[in-house]
Amino acid sequence: MNETTRNATLTIDGESYDLPIFSPSVGPDVIDIRKLYATTGHFTYDPGFTSTASCDSAITYIDGNKGELLYRGYPIDQLAEKSNYLETCYLLLHGELPNKEQYEDFSHHVTHHTMLHEQMAYFLRGFRRDAHPMSIVCGMTAALSAFYHDSTDINDAHQREVATIRMIAKMPTIAAWAFNYHTGRPFVYPDNKLTYAENFLRMCFAVPAEEYVVDPILARAMDRILVLHADHEQNASTSTVRLAGSSQANPFACIAAGIASLWGPAHGGANQACLEMLKEIGSVDRIPEFVARAKDKEDPFRLMGFGHRVYKNFDPRAKVMKESADEVLELLGVENNPILQVAKELERVALEDPYFVEKKLYPNVDFYSGVILEAMGFPTSMFTPIFAVGRTVGWISQWKEMMDDPQGKIGRPRQLYIGDTFRDYKDIEKR
Ligand code: SDX
């Protein structure tokens, strides 16, 4: 952290305290409260961390008001247009776009780590066939620490590097095998001749009985979906990975913790919940009924795919996703897909409704991704596993950044205690 000469002054009961103010390369200044409790005997109070920076990071920057998302300074729309997922992985991990040799070396390493230990196929078969794919992805990721024990020593930089490559390389195989198993089809092994997105689509949809040819437009759309989901600063699942990593848990256990957090419908599970909502709405004439429910404080229903803790403008990822949706649906001849019609009309209605305008609730990354994935033939239960495939590089990059910080310490928040104060035990006869 850079030095500072600026301070905030806090006055409590007539006593003043100076708190250093630090400035970022871009975004809000921060007030350093690390010594607050020691000097004032007070905690800060910020459930949900709406005003709290939990770390310093150089990986991803979001400007919620401008609707801007930068990966290591590069805007997401340019990366989605000109880059690809593996190149974006290199950028997030190493901080710079790779040159040709670096890219080829990185791609070779990832491509040649896509296989899973064969014993993991037996581990996976222990799940019920109707297990939600996210339960399989979460369980299999945690189990990697049992099968790849030689890359779990977090104090060994080489083992951290091997675990990083293994995580990025094996997550598509784990997610595809969860899909194969869930749908009663044989496991499809990786094909090293294919690109990352082509390989994932083939493992998801190929059957031994016939050759599977990947459509380049679908492969491009899948690669773009993975780029758009790659990282998003300190969201709930990334914060979970960092907190797990702060206890020095092994990298596979930390990523499994992130997957568990992503599963929630308020976070990564929103793409599945959004499509299920669009299907429940069913036709444009039922949209007013659902918009009214979303506005009703007495009704817990929220419009899935709308709103964001940080974005108070269009989620830049939703804009790119919307373009992909149009391309994929036109390719598949389903541009008149009733779900997409409901999605487009719901977006129009919501963006004009004063409730959503005042609260700055815009479509987020999950709003259109589900429409694309359904058009590609994925069941809604596979939407969040695909989000996890894309986000794995973000999780592991943020974990790596934290582990490379020699000042790192275990994360241990405090609380505002509102329970009973000291009282003596009462024998049961006296209760
Ligand atoms: C992701 O953090 C990340 O970066 C996440 C993510 C990533 O890439 O990692 O971007 C991925 O998780 C995207 C979000 C996916 N979730 C959904 O689409 C679920 C629906 N959205 C909501 O659950 C909600 O918008 C959240 C959880 C996303 C944000 O919740 P907040 O922080 O509580 O929202 P807010 O404080 O901005 O809400 C302001 C108001 C509140 O009403 P009031 O208390 O002021 O009266 O807007 C209301 C909220 O109740 N509101 C909604 C709403 N979202 C917020 N009302 C109706 N429908 C919605 N979708």
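Nothing in this text is a laboratory measurement; each read-out follows from the coordinates by a stated rule. This is a predicted model, so every value here is computed, not measured. Backbone-built Cβ (ideal geometry, glycine too); neighbour counts: all protein chains shown.
The label point for E211 and the one for F49, both projected 7 Å from the Cα toward the Cβ, are 5.0 nm apart.
For the chain, what is Rg from Cα atoms divided by 2.2 N^0.38 Å, rounded to two decimals?
Values: Rg = 23.4 Å, N = 431, 2.2 N^0.38 = 22.1 Å.
After normalising by residue count via 2.2 N^0.38 Å, the value is 1.06.
A simple spin-label model places the labels of Y122 and Q78 5.2 nm from each other, with each point 7 Å out along Cα-to-Cβ. Each of the peptides 372-379, 9-16 was scored by the mean count of other Cβ atoms within 10 Å over its residues; in descending order, highest first, they stand as 372-379, 9-16. Counting beta carbons within 10 Å around each of H113, H149 and listing the fewest first gives the order H149, H113. Loop-located GluC sites (Glu not before Pro) in region 83-129 (DSSP state other than H, G, I, E, B) with a sparse environment of at most 12 neighbouring Cβ atoms within 10 Å: E96, E118.
Would you compute the Debye intensity of region 50-99 from its alpha-carbon atoms alone, equal scatterers and no solvent, and pass along log10 I(q)/I(0) at q = 0.13 Å⁻¹ to two decimals? Taken in order of the listed q values, log10 I(q)/I(0) reads -0.34.
In region 319-426, the ratio of gyration radius to Kirkwood radius, Rg to Rh, stands at 1.22 when only Cα atoms are counted.
Holding the Cα-Cα limit at 29 Å, pick out from K82/K312; K319/K359; K322/K400; K297/K344 the pairs that are longer than that.
Result: K322/K400 exceed 29 Å.
What's the ranking of 215-222, 203-210 by average number of surrounding C-beta atoms within 10 Å, highest first? Walk me through the numbers on the way to the answer.
Working: 215-222: 19.0, 203-210: 14.9.
Descending mean neighbour count gives 215-222, 203-210.
Using 0.36 nm per residue and subtracting the Cα-Cα separation, the extra length available between D56 and R431 on full extension is 129.9 nm. Our summary gives the chain a relative contact order of 19 percent, counting only alpha carbon pairs under 8 angstrom and 6 or more residues apart.
The simple Förster model, with R0 at 60 Å and r as the Cβ-Cβ distance, assigns D326 and T11 a FRET efficiency of 0.60.
Would you mind counting up the charge near P98? Only other residues with Cβ under 14 Å from its Cβ, with Lys and Arg at +1 and Asp and Glu at -1. Write out the running numbers ahead of the final one.
Values: positive: R72, K82, K100; negative: E87, E96, E101, E104, D105.
Once positives and negatives cancel, what remains is -2.
With the largest listed first and rounded to whole Å, the semi-axes of the equivalent ellipsoid of region 219-288 from the Cα gyration tensor are 31, 16, 9. Each label point was placed 7 Å from the Cα along the Cα-to-Cβ direction; for Y37 and D18 their separation is 2.5 nm.
Database remark: amide H of A8 closer than 5 angstrom to the amide H of L19, I21 (H placed geometrically; neighbours at sequence offset of 5 or more, or on other chains; Pro and chain starts carry no H).
Which order do the peptides 298-308, 277-287 take when ranked by the mean count of other beta-carbon atoms within 10 Å per residue, highest first? Numbers along the way, then the final one.
Numbers: 298-308: 17.5, 277-287: 15.5.
Highest-to-lowest ranking by the protection proxy: 298-308, 277-287.
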